[in-house]
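One structure is given below, encoded as structure tokens.
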Amino acid sequence: MSAPIYRRVLLKVSGEALMGSQPFGIDIATVDRIVADVRDAILAGTQVCMVVGGGNIFRGVSAAAEGIDRAQADYMGMLATVMNALALQAALERAGLESRVQSAIPMPTVCEPFIRRRAERHLDKGRVVIFAAGTGNPFFTTDTAAALRAAEMKCDALLKGTKVDGVYSADPVKVKDAVRYDTLTYQDVLSRDLKVMDASAVSLSRENKIPIVVFSIHDRGALAAVLRGEGRATVVRESA
């Protein structure tokens, strides 16, 4: 088996990915399967940090549309990501992996505050670091938080685990003849308004020369394949 091509990566997992087949909440079996892939990555020698969304519990944008103040709704969404991060940490520990949750909103009773140098030390010791509460600020998505943390941790790649095996010209669930891309440039994503990540996250990744790799988080073994530069995924970088 070939060695990983990335030394350190940030894995972005949406809150919806944790639901499994449930309409909302956290499906433990699904979380355990995702963690099994992370364990394979760690054992192969790659350092892994993570950012998780909160859409399976609460979505700030939707709540704002219903009448809650946008900033207040976003803070509520950030707290949902902390719940998901703690669920991931519990699963990592069941799998025999050491991990730390660091929150952008300080809550020392349940997790560490985000401290960049401390996070780097955890990664160097083989621990998985889960960054929770987004950037700690309203009006920013967890995609932007993932790009920010990837830059701060000097990651070699930002991996986005989704429900499909890459980036398509349209939603392949709704559009049967949607075109799938193997590679794209950052400019392609921005100019075509492809739904990879929000524009802030893509721009931040481009500024820091961090490739974005989009793959299916639901395919067991897909993460390990991506880390070897194999498998089915779309890579977004400076030149396609």
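The values are calculated or read from the model by the stated rules, or taken from the named source; none is laboratory data. From a predicted model like this one, the values you see are computed outputs, not experimental measurements. Counting neighbours? That spans all protein chains shown, and the Cβs are built from the backbone with ideal geometry, glycine included.
Of all residues assigned to the stretch 180-190, at least one qualifies as being touching a helix residue (DSSP H, G or I) at 6+ places or on another chain (Cβ under 7 Å), more than 17 Å from Val48 (Cβ to Cβ) and not hydroxyl-bearing (Ser, Thr, Tyr). Just one of (1) surrounded by fewer than 21 Cβ atoms within 10 Å (Cβ to Cβ); (2) part of a helix (DSSP H, G or I); (3) over 16 Å from the mean Cα position of the chain (by Cα) fails for Asp74. It is (1). Quick one: would you say Val82 is more than 24 Å from Asp40 (Cβ to Cβ), of a type in the set (Val, Ile, Thr) and more than 18 Å from the chain's Cα centre (by Cα)? The answer is no for Val82. Considering the stretch 43-63 alone, what residues qualify as being assigned to a helix (DSSP H, G or I) and surrounded by fewer than 19 Cβ atoms within 10 Å (Cβ to Cβ)? Residues satisfying the conditions are Leu43, Val61, Ser62, Ala63. The C-beta contact set for the stretch 68-91 (first residue over 9 Å from Gly54 (Cα atoms), second residue of a type in the set (D, E, K, R) and at pLDDT 95 or above, distance under 6 angstrom, 6+ apart or interchain) comprises Ala91/Asp32. Note on the stretch 47-59: among residues that are touching a Phe, Trp or Tyr at 6+ places or on another chain (Cβ under 8 Å) and of a type outside the set (Val, Ile, Thr), the one that is modelled with the lowest pLDDT is Asn56.
Is it fair to say Leu159 is modelled with pLDDT of 95 or more, touching a helix residue (DSSP H, G or I) at 6+ places or on another chain (Cβ under 9 Å) and under 23 Å from Tyr6 (Cβ atoms)? Yes. Restricted to strands (runs of 3 or more DSSP E) entirely inside the stretch 138-236, those with at least 2 residues that are within 18 Å of the chain's Cα centre (by Cα) and among the hydrophobic types (A, V, I, L, M, F, W, C) are 157-162, 212-216. Annotation: Val110 fulfils all but one of (1) among the aliphatic types (A, V, I, L, M); (2) under 25 Å from Tyr6 (Cα atoms); (3) at pLDDT 95 or above; (4) surrounded by fewer than 22 Cβ atoms within 10 Å (Cβ to Cβ); the unmet one is (2). Out of Gly60, Gly67, one residue alone is of a type outside the set (Phe, Trp, Tyr) and within 13 Å of Thr142 (Cβ to Cβ). It is Gly60. Taking the options Arg149, Arg118, name whichever one is surrounded by 17 or more Cβ atoms within 10 Å (Cβ to Cβ), touching a residue at least 12 places away in the same chain (Cβ under 8 Å) and basic (Lys, Arg). Just a single option satisfies the conditions, and that option is Arg149.
Beta carbons closer than 7 Å, at least 6 apart along the sequence or on distinct chains, pair a first residue in the stretch 157-169 that is within 13 Å of Val179 (Cβ to Cβ) with a second that is β-branched (Val, Ile, Thr) for Gly166/Val214; Gly166/Thr234; Val167/Val196; Val167/Val214; Val167/Thr234; Tyr168/Val179; Ser169/Val179.
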